[in-house]
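Data first, discussion second: the structure below is written as structure tokens.
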Amino acid sequence: MRARWLLPMLCALVACERPVDTGVQALPPSPVLDRDGNASAEEQEQELDWLQMMPADELAALERGDGPEVEHNGNRRMPQFGTFRTVDTVLQRPVRLPGYVVPLANAQDGRLTEFLFVPYYGACIHVPPPPPNQIVHVVLPRPIDMPDMYSPFFLAGTLRAERLDDDLAGSAYTMRDAQLRPYEP
């Protein structure tokens, strides 16, 4: 089923333009409140910043600009950079992350069963995917309706260190008890 998504995604990515700095920042943290405006049971989840999932030395290298230079010439896909190293303090406890869905597999009825969760959307082939330790591989316990890939969501569950090597990108983290919730700032 992966091939079903790969061709349309690659076709869309081939026609990409040079990214324009829109001034958009990463999604801000959002408190979890119930209908009455009180902190909910989900309050126990720690909201992570994506950068907390990178080892300190890799974060420092990223901040120095040590990543690959983006070239917008030709039709060669940029390779993924970074490592599969994880941060122990974010593992094995309830967390939530704001981000975007990149579908990987779906059930026969078209509902989503597996996806990558990433910190930003809109990358083209000229921009490398996020580092592996900035991507979460998600296998859903039950299929869900296909979400809008351009809308932000919260991913809630327990992060685990588990390597995935996929044609689209590698991932250093996985979440199998995941819940996908609408993002509400």
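The values are calculated or read from the model by the stated rules, or taken from the named source; none is laboratory data. As the structure is a computational prediction, the values presented were derived from the model and not from experiment. Don't worry about glycine lacking a Cβ; one is built from the backbone with ideal geometry, like all the others, and counts go over all protein chains shown. Surface areas here come from the heavy atoms of the whole protein model, side chains and all, with no ligands, DNA or RNA. Shrake-Rupley method; radii C 1.70, N 1.55, O 1.52, S 1.80 Å.
Observations
- Subset tally (residues that are touching an Asp or Glu at 6+ places or on another chain (Cβ under 7 Å), over 10 Å from L159 (Cα atoms) and open to solvent by less than 40 Å² (accessible area, probe 1.4 Å)) for the range 83-109: 2
- Residue list for the range 130-154, filter: open to solvent by 20 Å² or more (accessible area, probe 1.4 Å) and of a type in the set (S, T, N, Q): S151
- For the range 33-67, the set of residues classified as at pLDDT 70 or above and touching a Pro at 6+ places or on another chain (Cβ under 8 Å) consists of Q44, E45, Q46, E47, D49, W50, M54, E58, L62, G67, listed by residue number.
- Y183 passes every criterion in (1) of a type outside the set (S, T, N, Q); (2) farther than 16 Å from L112 by Cβ; (3) under 13 Å from the mean Cα position of the chain (by Cα) apart from (3).
- Test: T113 is over 24 Å from E45 (Cα atoms) and either assigned to a loop (DSSP other than H, G, I, E, B) or open to solvent by 10 Å² or more (accessible area, probe 1.4 Å) (or both): no
- Within the range 159-177, the residues that satisfy the criterion of being in a strand (DSSP E or B) and either touching a Ser or Thr at 6+ places or on another chain (Cβ under 7 Å) or touching a residue at least 12 places away in the same chain (Cβ under 8 Å) (or both) are R160, A161, E162, R163, L164, G170, S171, A172, Y173, T174, M175.
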